[in-house]
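Here the structure is laid out as structure tokens; the discussion comes afterwards.
The values are calculated or read from the model by the stated rules, or taken from the named source; none is laboratory data. Everything numeric in this text was worked out from a predicted model, so none of it was measured. Every residue, glycine as well, gets a Cβ built from its backbone with ideal geometry; the counts of neighbours run over all protein chains shown.
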Amino acid sequence: MTVDGRVVIIKRSQHCGEAAGLWDVPGGHPEPQELVGRISMEDIDVETLSNCDVIKEIYNSILREIQDEINIPQTVLSEPELMGIARNETSAGRPSLEFFIRCSLVSTEIITLYYKGNQCEADESTQIKLLSAYEVLELKEKNSKLWNYLAPSAKGCFTLFKNLYFLSLSLHLLITTSLLFIVLSFFSS
């Protein structure tokens, strides 16, 4: 999420193998070679990989994907916060980790960086769009046309975002109500 409260989505190129032509959140997958060097996938012995290193690679890979797809430097991105796991039912229920990441840039700076086109995966998308947090929260109900053109991973990510947002509001209300009750109880004693 940008400093001015915007969420980035990109339109995937027609030549992408998955979700071609759909709007998606930046993403990809961890690269085992980041842990073991340039050896073939078949030669990687998963049993020898450190659990901590694998977890670090999962979190670091999303930051690299944002840089590689949108051209946002990793230095302006926060540590990824895992929102949850979504299942892609169009892909045999494949799990997708969905993260919340803050960015210290405003939306106009992100658009400028994206359209420079010098990111290494610039060919994977054709457009960028920045939605307000409110638009994301209301997306499925209010803007079904855009919802119908979202990749499954974006739908999962936005659903988790919405659930966590309303959970945090509920917790805030519960805490505020509890504190108010304690204060009222104190003064009525």
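Quick one: in the range 114-132, of everything that is out of contact with any helix residue (DSSP H, G or I) (no Cβ under 7 Å at 6 or more places or on another chain) and of a type in the set (A, V, I, L, M), which residue is farthest from residue 69 (Cα to Cα)? My answer is 131. Candidates 65, 89, 57: the one that is among the acidic types (Asp, Glu) and surrounded by fewer than 16 Cβ atoms within 10 Å (Cβ to Cβ) is 89. With respect to the conditions (1) under 25 Å from residue 155 (Cβ atoms); (2) in a helix (DSSP H, G or I), residue 42 lacks only one, and its number is (1). For residue 146, are the conditions met, namely being surrounded by 15 or more Cβ atoms within 10 Å (Cβ to Cβ) and modelled with pLDDT of 95 or more? The answer is no for residue 146. Counting only residues that are hydrophobic (A, V, I, L, M, F, W, C), surrounded by 10 or more Cβ atoms within 10 Å (Cβ to Cβ) and within 17 Å of residue 82 (Cα to Cα), the range 36-54 holds 1 of them.
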